[in-house]
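Right, one structure below, let's go through it.
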Amino acid sequence: MTDYLLVDNIDSLVADLDDSACIGLDTEFMREKTFFAELCLVQVATSGAIYCVDPLTCKDMATFWQAALQTPWVAHSARQDIEVIYQSAGRMPVSLFDTQVAAALLGYAPQMGYANLVNELFGVELPKSHTRADWSRRPLADALLQYAAEDVEYLLPARQILAERLDKLERLDWAEADSALLLDPALYDIDPENAISRLKGARNMRGRRRSAAARLAAWRESEALRANRPRQWIARDATLLAIAAALPSSPGELESIDGVPGGLQRRSGKRLLDAIEASANDDHNHRQPPAPNEEQKQLLKNMQKRVARCAESLHLSAEIIAPKKELSAAVINGTRDSRVFSGWRRALIGDSLLEML
């Protein structure tokens with residue numbers, strides 16, 4: 001059983017944070033009914049205690065964030081935690097050590113879960129009995145708080161073990177650099193103009209239909225942001241794809257499309273038709289991602305082989321060194337600002353890949 005303190009006195013927690021060299025941190029949140037995640041609990045581990053902070057009842061979260069964000073963090077698979085905290089606090093922590101990132105650089109599975117890592121390092125089986133809990137309900141049961149506290153109990157000792165092993169392999173700075181990438185605010189900025197990347201099935205559309213799909217996705221993103229509701233509640237992916245494929249020009253044509261709910265037509269029919277109409281004036285080639293030619297396909301294969309050999313020599317996954325998506329962007333789009341061409345990866349293999357390009 002994990003001991004924890006449910007915080008009702010921010011001052012005592014802040015004093016402990018101020019004295020800590022680093023803290024382990026995890027969050028519980030809900031986003032089933034909203035666009036933005038609702039932060040419901042923050043778990044903090046210091047060298048001497050585990051705290052559960054309830055942002056729904058705590059009256060001085062500003063003081064907590066002021067102290068917590070000035071202390072280096074240890075977290076596991078921190079991207080979603082950073083996203084919800086950035087939305088809630090409006091700031092980033094001073095530094096981050098992500099134990100999932102660190103484990104991958106030691107040869108563990110790239111997306112290794114926290115429970116599996118704890119089992120690997122400490123031989124402890126963490127329960128998974130509350131993975132679907134409603135963290136917004138109050139009061140929180142002791143069993144839930146125990147479960148939440150276990151999510152930070154092993155973060156600081158895991159960091160120590162992983163850092164020592166990485167240091168021996170001269171990869172500790174790699175883990176620190178890759179963890180720091182998660183603190184880039186641009187990762188969490190929402191741009192409706194890029195919403196088509198989240199519209200499943202749109203990648204196969206071409207010409208004006210793709211332009212229409214891009215405009216419909218941007219409209220849905222803006223509506224979801226405005227109403228703070230999930231995208232699929234505004235309009236389902238399949239609905240937007242059906243409208244983009246049909247290119248309706250009148251309310252009657254929109255109504256005749258199978259799978260378009262009547263409520264959506266009544267609420268937003270004009271805006272949907274306006275988006276379709278505007279797509280006629282788009283540069284369709286600009287919106288359509290280019291397909292690789294045969295020479296580019298062969299170059300991509302050769303680059304992947306070189307990355308695979310490098311990764312094998314280091315006993316790492318090739319995905320950690322250079323994901324195929326980044327290599328494709330370099331070959332097809334001329335992208336040179338991806339991770340493989342900067343930092344420790346550039347010296348390791350990035351310069352060699354640039355020569356191939």
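Taken together, the values in this text are just the output of simple stated rules run on the coordinates, not laboratory data. Remember, it's a predicted structure, so these values are computed and weren't measured experimentally. Neighbour counts are summed over all protein chains in view; Cβ atoms, including those assigned to glycine, are modelled from backbone coordinates with ideal geometry.
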Return the calculated 222 nm mean residue ellipticity for the chain, to the nearest 500 deg cm²/dmol, obtained by summing -39500 (n - 2.57) across DSSP H runs with n ≥ 4 and dividing by the residue count. -15000 deg cm²/dmol
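Grab the beta carbon distance between Ala141 and Asp60, set R0 = 25 Å, and tell me the FRET efficiency rounded to 0.05.
According to the calculation, E is roughly 0.55.
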Treat the count of other C-beta atoms within 10 Å as a stand-in for reagent exposure and order Ser279, Ser313, Ser222 from fewest to most. Ser313, Ser222, Ser279
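Among DSSP beta bridges whose residues both lie in the chain, state the antiparallel percentage, nearest 5.
Restricted to the chain, the bridges split so that about 60 percent are antiparallel.
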Listed candidates (1) 23.8; (2) 17.4; (3) 20.8 - label of the one calculated as mean projected area of the Cα convex hull in nm²: (3)
What residues qualify as long-range amide H neighbours of Val74, i.e. H under 5 Å apart, gap of 5 or more or another chain, H built at 1.01 Å from N? Ile23, Gly24, Leu25, Phe97
Under the rule rounded for a/c under 1.5, else prolate if a/b exceeds b/c, else oblate, using alpha carbon gyration tensor axes a ≥ b ≥ c, the range 5-116 is classed as oblate
Using 32 Å as the Cα-Cα cut-off, could you pick out the over-long pairs in Lys270/Lys324; Lys128/Lys305; Lys200/Lys297; Lys33/Lys128? Lys270/Lys324; Lys128/Lys305
Could you give the nm distance between label points at Glu164 and Gln87, where each point is 7 Å from its Cα heading toward the beta carbon? 3.9
Neighbour cut-off at most 16 other Cβ (10 Å), DSSP loop, GluC sites (Glu not before Pro), the range 100-208: Glu125, Glu170
Relative to the first principal axis of the alpha-carbon coordinates of the chain, what is the inclination of helix 142-153, with its axis defined by its Cα atoms, in degrees from 0 to 90 and to the nearest 10? 90
Are there trypsin sites (Lys or Arg not before Pro) in the range 120-176 that DSSP puts in a loop and that have at most 14 other Cβ atoms within 10 Å, and which ones? Lys128, Arg132, Arg137
Just to confirm a number: summing +1 for Lys and Arg and -1 for Asp and Glu over residues other than Asp81 whose beta-carbon lies under 11 angstrom from that of Asp81, what do you get? -4
As an exercise, identify the GluC sites (Glu not before Pro) in the range 32-95 lying in DSSP coil whose Cβ has no more than 15 other Cβ atoms within 10 Å. Glu32
For the range 79-94, Karplus couplings with θ = phi - 60° (6.51, -1.76, 1.60), whole Hz, Gly/Pro x: 4, 5, 5, 4, 4, 5, 6, 4, 5, 7, 9, x, 9, 9, x, 5
May I ask you to evaluate 6.51 cos²θ - 1.76 cosθ + 1.60, the Karplus curve with θ = phi - 60°, for each residue of the range 27-34 and list the ³J(HN,Hα) values in order in whole Hz, giving x for glycine and proline? 9, 10, 8, 10, 8, 5, 10, 9
Rounded to the nearest Å, the spacing of the alpha-carbon centers of the range 293-310 and the range 56-134 is 35
Rounded if a/c under 1.5, otherwise prolate or oblate - the range 294-356, Cα gyration tensor axes: oblate
